[in-house]
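The values are calculated or read from the model by the stated rules, or taken from the named source; none is laboratory data. Since this is a predicted model, take the numbers as computed values, not measurements. As a convention, Cβ positions derive from the backbone with ideal geometry for all residues, glycine included, and neighbour counts pool all protein chains shown. Ligands, DNA and RNA are stripped out before the accessible areas are found, and what is left, the full protein with its side chains, is counted by its heavy atoms. Shrake-Rupley method; radii C 1.70, N 1.55, O 1.52, S 1.80 Å.
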Amino acid sequence: MAVRVRAPGPWTGAAAVLVVVAALWVSAPVWSQPHVRFVRPSADRPVSAPGPRELRCPAPAPVRYAYRPVCGDGGEACEHWILVSTRGERRWLPHGFGDGPLALSRDGTRAAYWHQKKRRYAVVDLAEGATTFLPRSLPQPQDPGAGGQAPLFSLDGRHLLVADERIDVDADQVVPGPLLVVDVARGRVTRLPRGERALGWTGRGLALVTAERTGRIPGHVTSGSYVVRSPEGTLVSRAALPGGLAPAAVPAPSGETLATVATELTPAGPVFRGVVLTGTRAGRPLRTVVPRLPAGWRVDRLVRWEGEDALVAEARGPHHELAYHLLGLADGSATPLGFDLPPPDSAATAVPDRTRLVVGRVR
């Protein structure tokens, strides 16, 4: 009796090919597979890290940003500021609890914070691994989330601005006090005149403003006086500003230009119009930059200048999302900085808190 042998069909042949390919893939070495690269706005190559660990100075790389985690697991890392390096590593500073403010230098190589164990300010040279403790006479800072003035490094990182503030228990708010400038290396403290509010550091010194209520200027509820003082408190320059501009202006490193967020009040609420650049010499607007953000997004706050041609801007989305961009002043380009800020847990507010993040090295 003859036996009929059925010829293999097309599906049988395809299955055999798949089996061979799968065997080759499994037996091939892992390093022969192409690597997947994730692009970040940083010159350094990102690395993965298992989770935040205590910083053992010197730091492996400059710090891009720091954040205060919001979590309820009781872990040690939840109680500290988390420093994120340019390579993606996450570290936390010892005895630097998250309810106190933190400052980072612009190059990401210095951090200043209130040391809970020593009960005084500590300045950490992240590149060298050395810690300098500032004079004990400096007052304990208040939480910026409650309205306190956060410490600020000068552009060269040699001086630190701090504030002598107190809490009004009855009103549950921070009462502003005199501003103090500390020479980090020498420990020398300079007390600035009362009534001046810090806008930020310039290459010539600290930019400050005083604002007064007035009914004589149409369209403005205040008039402002803009001054720049050296770290020793000496007056370097003075200019008059429109009052509506003064409280939220951010000075350029040159000190000759201020940037503010322009909004217009409408029946539907405030409408974002752009970023206004104002010259300090004439006290008049120079031009308005309209950021090229995604639909529904707007600039909510200007963090600082990055050189004379860009701004670090905080933007909010249609659902209260929070993101940081590098805003180019020449063309309005908005480049996401890619700060990975973990969302708050279910017990926290759904609206992100801007005081949870401090910017270090951007580019």
Checklist outcome for this item: Flagged pairs (Cβ under 7 angstrom, 6 or more apart or on separate chains; first in region 62-89, at negative phi and assigned to a loop (DSSP other than H, G, I, E, B); second among the aliphatic types (A, V, I, L, M) and modelled with pLDDT of 85 or more) are Pro69/Ile82; Thr86/Ala61; Arg87/Ala61; Glu89/Ala61
Checklist entry - Does region 202-216 include one or more residues that are assigned to a loop (DSSP other than H, G, I, E, B), at pLDDT 90 or above and under 22 Å from Tyr113 (Cα atoms)? => result no
Checklist entry - In the list Glu89, Glu54, which residue meets the criterion of being modelled with pLDDT under 95, more than 16 Å from the chain's Cα centre (by Cα), among the acidic types (Asp, Glu) and open to solvent by less than 30 Å² (accessible area, probe 1.4 Å)? => result Glu89
Item to check | Any pair with Cβ under 6 angstrom, 6 or more apart, that starts in region 131-154 at a residue that is of a type in the set (Val, Ile, Thr) and ends at one that is open to solvent by less than 30 Å² (accessible area, probe 1.4 Å) and assigned to a strand (DSSP E or B) | outcome: Thr131/Ala122; Thr131/Val124; Thr132/Val123
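With the structure loaded, tell me whether Leu293 is of a type in the set (A, V, I, L, M), open to solvent by 10 Å² or more (accessible area, probe 1.4 Å), out of contact with any Phe, Trp or Tyr (no Cβ under 8 Å at 6 or more places or on another chain) and part of a strand (DSSP E or B) or whether it fails that test. Before you say what the answer is, go through the steps one by one.
Values: of a type in the set (A, V, I, L, M): yes; open to solvent by 10 Å² or more (accessible area, probe 1.4 Å): yes; out of contact with any Phe, Trp or Tyr (no Cβ under 8 Å at 6 or more places or on another chain): yes; part of a strand (DSSP E or B): no.
So Leu293 fails the test.
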Checklist outcome for this item: Within region 333-363, residues modelled with pLDDT of 55 or more, over 14 Å from Arg68 (Cα atoms), in a loop (DSSP other than H, G, I, E, B) and open to solvent by 60 Å² or more (accessible area, probe 1.4 Å) come out as Arg361, Arg363
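When only residues in region 99-125 that are outside any loop (DSSP other than H, G, I, E, B) and among the hydroxyl-bearing types (Ser, Thr, Tyr) count, which is nearest to Arg363 (Cα to Cα)? Give the derivation first.
Filtering region 99-125 for residues outside any loop (DSSP other than H, G, I, E, B) gives 102-104, 110-115, 120-125.
From what is left, the residues that are among the hydroxyl-bearing types (Ser, Thr, Tyr) are 113, 121.
Numbers: Tyr113: 23, Tyr121: 27 Å.
Step by step, filter region 99-125, then rank; the result is Tyr113.
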Checklist entry - Which ones in region 296-313 are in a strand (DSSP E or B) and open to solvent by 10 Å² or more (accessible area, probe 1.4 Å)? => result Arg298, Asp300, Arg301, Leu302, Val303, Arg304
Next on the checklist: Among the residues in region 261-282, are any touching a residue at least 40 places away in the same chain (Cβ under 8 Å), in contact with a helix residue (DSSP H, G or I) (Cβ under 6 Å, 6 or more places away or on another chain) and surrounded by 14 or more Cβ atoms within 10 Å (Cβ to Cβ)?
Outcome noted: no
Checklist entry - Would you pick out the residues in region 105-124 that are on the phi < 0 side of the Ramachandran plot and free of Cβ contacts under 8 Å to residues at least 40 places away in the same chain? => result Tyr113, Trp114, His115, Gln116, Lys117, Lys118, Arg120, Ala122
Checklist entry - Could you give every pair whose Cβ atoms fall below 8 Å, whose first residue belongs to region 175-193 and is acidic (Asp, Glu), and whose second residue is surrounded by fewer than 16 Cβ atoms within 10 Å (Cβ to Cβ), counting only separations of at least 6 or pairs across chains? => result Asp183/Arg158; Asp183/Val189
Checklist outcome for this item: Given (1) open to solvent by less than 30 Å² (accessible area, probe 1.4 Å); (2) part of a strand (DSSP E or B), Thr132 misses just (1)
